[in-house]
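Reviewing the structure listed below.
The values are calculated or read from the model by the stated rules, or taken from the named source; none is laboratory data. Nothing here was measured: the structure is a model prediction, and the numbers come from that model. Note that each Cβ is placed from the backbone with ideal geometry, even for glycine, and that neighbours are counted across all protein chains shown. For accessibility, only protein heavy atoms count, side chains too; no ligands or nucleic acids. Shrake-Rupley method; radii C 1.70, N 1.55, O 1.52, S 1.80 Å.
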Amino acid sequence: MQIEGSKIVVTGGASGIGKGMCERFAALGAGVVVADLDGDGAQAVAEAIGGTAVGCDVADQESVTALVESAIAAMGHIDLFCANAGVGVGGGLGTPLEHWDLNLAVNVMGPVHAARAVIPHMTQRGGGSFMVTASGAGLITGPVSFNYAVSKHAAVGVAEWLAINHGPQIKVSCLCPTIVDTPMIDHFGAGMVEPLTVDEVVDSVVDGLADERFLIVPSPQPLGMFQMKAQDYDGFIAGVQQRLAAMRG
């Protein structure tokens, strides 16, 4: 995957990781469509980088299909689609069901809607790349938000299925950062790790896409814990229980 000269769509592009990716991709010479539910925010980012803004609700298949059509009309084709939009609102057992519905609609069905809309286009063209922004919580767990952790496990599953069934023609990647210093951090409170910067995450994205890696993990901790989980599930759960208890005091 070469960024320079590529035509790229990023959902959730008005802020956070998505904004950072849009800015970096444009700086590296890509054409970028900035998509977001916040249309004004998307427009501000697009104007700053010389891209195109499209308002989009990733939880709605018709809206995502319209985004893909608009991007193709604006750029001619799509080389890389970053299904990056996500929500983090949630909590424990008492989390309202509407928060569960929102997390599943955006974090899981968002990438599904995107894949349904764009992968046929890429297949017809003979190839392309598709990246799902999941989370370290999708590999290990997210001890603070029940519904967020479950939705991100499912997002990893979406990426795995797409990679198996549409690769190697379609290069599928799954981005799994830990806590990142973005507006979403307010939903999680104090974490067990220091937050990553957006630049650190975007650095890993550029390197991972260049290497055509499936799993893009910006920090070593979640991958190490994921490996421990596979080797000793009971030990993994006990370890996280202990760390969470210490964090909560």
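What's the number of the condition residue 107 fails, among (1) outside any helix (DSSP H, G or I); (2) among the polar types (S, T, N, Q); (3) closer than 21 Å to residue 21 by Cα?
It fails just one condition, (1).
Can you find a residue that is farther than 20 Å from residue 5 by Cα, touching a strand residue (DSSP E or B) at 6+ places or on another chain (Cβ under 7 Å) and without any contact (Cβ under 8 Å) to a residue 24 or more places away in the chain anywhere in the stretch 89-102?
Within the stretch 89-102 (the criterion being farther than 20 Å from residue 5 by Cα, touching a strand residue (DSSP E or B) at 6+ places or on another chain (Cβ under 7 Å) and without any contact (Cβ under 8 Å) to a residue 24 or more places away in the chain), the answer is no, since none of the residues qualifies.
How do the pairs read when you match residues in the stretch 1-15 that are in a loop (DSSP other than H, G, I, E, B) with residues anywhere that are modelled with pLDDT under 95, using Cβ under 9 Å and keeping only pairs 6 or more apart or on different chains?
Here the result reads 15/182; 15/183; 15/184, each pair linking the stretch 1-15 to a residue that is modelled with pLDDT under 95.
Scan the stretch 24-40 and give yes if some residue there is open to solvent by 30 Å² or more (accessible area, probe 1.4 Å), basic (Lys, Arg), in contact with a strand residue (DSSP E or B) (Cβ under 9 Å, 6 or more places away or on another chain) and at pLDDT 95 or above, otherwise no.
Within the stretch 24-40, not a single residue is open to solvent by 30 Å² or more (accessible area, probe 1.4 Å), basic (Lys, Arg), in contact with a strand residue (DSSP E or B) (Cβ under 9 Å, 6 or more places away or on another chain) and at pLDDT 95 or above.
Limited to the stretch 123-139, what total is found for residues that are among the hydrophobic types (A, V, I, L, M, F, W, C) and either assigned to a strand (DSSP E or B) or surrounded by fewer than 23 Cβ atoms within 10 Å (Cβ to Cβ) (or both)? Walk me through how you get there before you give the answer.
First, pick out the residues of the stretch 123-139 that are among the hydrophobic types (A, V, I, L, M, F, W, C): 130-132, 134, 137, 139.
Then keep just the ones that are either assigned to a strand (DSSP E or B) or surrounded by fewer than 23 Cβ atoms within 10 Å (Cβ to Cβ) (or both); that gives 130-132, 139.
Within the stretch 123-139, residues that are among the hydrophobic types (A, V, I, L, M, F, W, C) and either assigned to a strand (DSSP E or B) or surrounded by fewer than 23 Cβ atoms within 10 Å (Cβ to Cβ) (or both) number 4.
Which pairs turn up if I take residues in the stretch 19-38 that are in contact (Cβ under 8 Å) with a residue 12 or more places away in the chain and look for partners that are crowded, with 20+ Cβ neighbours inside 10 Å and of a type in the set (Phe, Trp, Tyr) with beta carbon separation below 8 Å, at least 6 apart in sequence or on another chain?
Close Cβ pairs (under 8 Å, with a partner that is crowded, with 20+ Cβ neighbours inside 10 Å and of a type in the set (Phe, Trp, Tyr)) amount to 32/25.
Could you please give the count of residues in the stretch 199-212 that are of a type outside the set (A, V, I, L, M, F, W, C) and under 13 Å from residue 132 (Cβ atoms)?
Residues that pass the stated criteria total 1.
List every residue pair whose Cβ atoms lie under 7 Å apart, where the two residues are 6 or more positions apart in sequence or sit on different chains, the first residue falls within the stretch 57-74 and is more than 10 Å from residue 113 (Cβ to Cβ), and the second residue, located anywhere, is open to solvent by 40 Å² or more (accessible area, probe 1.4 Å).
74/52
Residues to consider are 144, 158, 118; find the one that is buried (at least 20 other Cβ atoms within 10 Å of the Cβ) and within 25 Å of residue 76 (Cβ to Cβ).
Details: 144 fails: within 25 Å of residue 76 (Cβ to Cβ); 158 fails: within 25 Å of residue 76 (Cβ to Cβ).
118 is the lone residue from the list that is buried (at least 20 other Cβ atoms within 10 Å of the Cβ) and within 25 Å of residue 76 (Cβ to Cβ).
Looking at residue 60, is it touching a Gly at 6+ places or on another chain (Cβ under 9 Å) and surrounded by fewer than 24 Cβ atoms within 10 Å (Cβ to Cβ)? I'd like the intermediate steps shown before the answer.
Details: touching a Gly at 6+ places or on another chain (Cβ under 9 Å): no; surrounded by fewer than 24 Cβ atoms within 10 Å (Cβ to Cβ): yes.
It is false that residue 60 is touching a Gly at 6+ places or on another chain (Cβ under 9 Å) and surrounded by fewer than 24 Cβ atoms within 10 Å (Cβ to Cβ).
Among the residues of the stretch 41-57, write down those that are more than 16 Å from the chain's Cα centre (by Cα), crowded, with 16+ Cβ neighbours inside 10 Å and not aliphatic (A, V, I, L, M).
Scanning the stretch 41-57 gives 41, 43, 51, 52, 55.
Could you please give the count of residues in the stretch 85-103 that are open to solvent by 60 Å² or more (accessible area, probe 1.4 Å) and over 22 Å from residue 55 (Cβ atoms)? Outline the logic, then answer.
Taking the stretch 85-103 first, the residues open to solvent by 60 Å² or more (accessible area, probe 1.4 Å) are 93-94, 97-98, 101-102.
Subset that is over 22 Å from residue 55 (Cβ atoms): 93-94, 97-98.
Selection size over the stretch 85-103: 4.
Quick check, is residue 68 in a helix (DSSP H, G or I) and open to solvent by less than 30 Å² (accessible area, probe 1.4 Å)?
Numbers: in a helix (DSSP H, G or I): yes; open to solvent by less than 30 Å² (accessible area, probe 1.4 Å): yes.
Answer is yes for this residue.
What are the pairs, 6+ residues apart or on separate chains, where a residue within the stretch 218-243 that is more than 16 Å from residue 179 (Cα to Cα) has its Cβ under 7 Å from a residue that is open to solvent by 90 Å² or more (accessible area, probe 1.4 Å) and part of a helix (DSSP H, G or I)?
Cβ pairs passing all conditions: none.
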